Amino acid sequence: MRQHILPALRLTAVTIVFFCGIYTIFILAIAQAAPGKGRGETVTVNGKVVGFALEGQNFNQDKYFWSRPSAVSYNAAGSAGSNKGPTNPDYLKQVQDRIDTFLVHNPGIKKAEIPSELVTASGSGLDPDLSPSGAKVQVKRIAAIRRIDEKVLIKLIDQHTDAPFLGIFGPNKVNVLKLNIALDELK
């Protein structure tokens with residue numbers, strides 16, 4: 001029995017030292033080399049932090065591009081999806097309510113034109129990005145409220161569209177926070 005306990009204790013001690021010490025210091029060193037030194041990429045306007053680039057924000061005023069809905073009310077401390085499946089009646093009602101709200105605030109848009117990301121929450125509940133089509137479907141509303149030519153807004157969306165990582169990994173995307181900051185700077 002002693003021949004089994006001593007190796008197990010040694011393995012436990014080595015594992016604790018490695019994962020609590022060496023591995024942690026290694027990850028911290030990598031984070032220090034990243035932008036923001038591991039604290040995340042903050043977005044500042046006029047010297048004031050207005051949000052985090054990798055965290056969804058709640059934009060629901062008609063003069064702004066709306067964000068993707070959040071299952072956790074944009075609370076980064078509780079990142080999670082709703083875990084409700086596509087046949088769950090509560091989930092279907094929630095999605096239908098979001099569709100109805102979107103259609104009320106965006107007259108002239110048909111239900112089939114609404115990208116799914118505008119009515120369904122992401123897996124984390126904190127997705128900061130939309131597809132370019134998710135942003136462009138909101139152009140008519142924003143152009144009417146802000147009295148801006150739609151072509152100017154389309155150009156703004158195109159300027160803030162990020163290509164996939166290395167050109168192949170993932171879709172084109174638009175960071176809603178950065179887009180709305182640029183929208184406010186138009187005037």
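The values are calculated or read from the model by the stated rules, or taken from the named source; none is laboratory data. Just so we're clear, the structure is a prediction, and the values are computed from it rather than from any experiment. Every residue, glycine among them, receives a Cβ derived from its backbone with ideal geometry; neighbour counts consider all protein chains shown.
Here is a check on your reading of the model: is Q96 over 20 Å from the mean Cα position of the chain (by Cα), assigned to a helix (DSSP H, G or I) and assigned by TED's automatic domain parsing to the domain that holds T161?
Against the criterion (over 20 Å from the mean Cα position of the chain (by Cα), assigned to a helix (DSSP H, G or I) and assigned by TED's automatic domain parsing to the domain that holds T161), Q96 qualifies.
When segment 81-93 is examined, which residues are found to be assigned to a helix (DSSP H, G or I) and exposed (fewer than 11 other Cβ atoms within 10 Å of the Cβ)? Walk me through how you get there before you give the answer.
To start, the set of residues in segment 81-93 that are assigned to a helix (DSSP H, G or I) comprises 89-93.
Across segment 81-93, the qualifying residues are P89, D90, K93.
Scan I148, I154 and give me the residue that is surrounded by 12 or more Cβ atoms within 10 Å (Cβ to Cβ), free of Cβ contacts under 8 Å to residues at least 40 places away in the same chain and part of a loop (DSSP other than H, G, I, E, B).
Numbers: I154 fails: part of a loop (DSSP other than H, G, I, E, B).
So the residue among I148, I154 that is surrounded by 12 or more Cβ atoms within 10 Å (Cβ to Cβ), free of Cβ contacts under 8 Å to residues at least 40 places away in the same chain and part of a loop (DSSP other than H, G, I, E, B) is I148.
Got a sec? Which of V72, V14, V49 is assigned by TED's automatic domain parsing to the domain that holds E117 and surrounded by fewer than 12 Cβ atoms within 10 Å (Cβ to Cβ)?
On inspection, the qualifying residue turns out to be V49.
L179 fails exactly one of the following numbered conditions: (1) at pLDDT 90 or above; (2) buried (at least 16 other Cβ atoms within 10 Å of the Cβ); (3) more than 21 Å from G40 (Cα to Cα). What is the number of that condition?
The number of the failed condition is (3).
Can you confirm whether S131 is of a type in the set (G, A, S), more than 19 Å from G51 (Cβ to Cβ) and crowded, with 17+ Cβ neighbours inside 10 Å?
Yes: the conditions hold for S131.
Is it true that some residue in segment 170-181 is within 27 Å of N83 (Cβ to Cβ), of a type outside the set (V, I, T), without any contact (Cβ under 8 Å) to a residue 24 or more places away in the chain and part of a helix (DSSP H, G or I)?
no
Please indicate, with yes or no, whether at least one residue in segment 32-54 is farther than 30 Å from R146 by Cβ and of a type in the set (K, R).
yes
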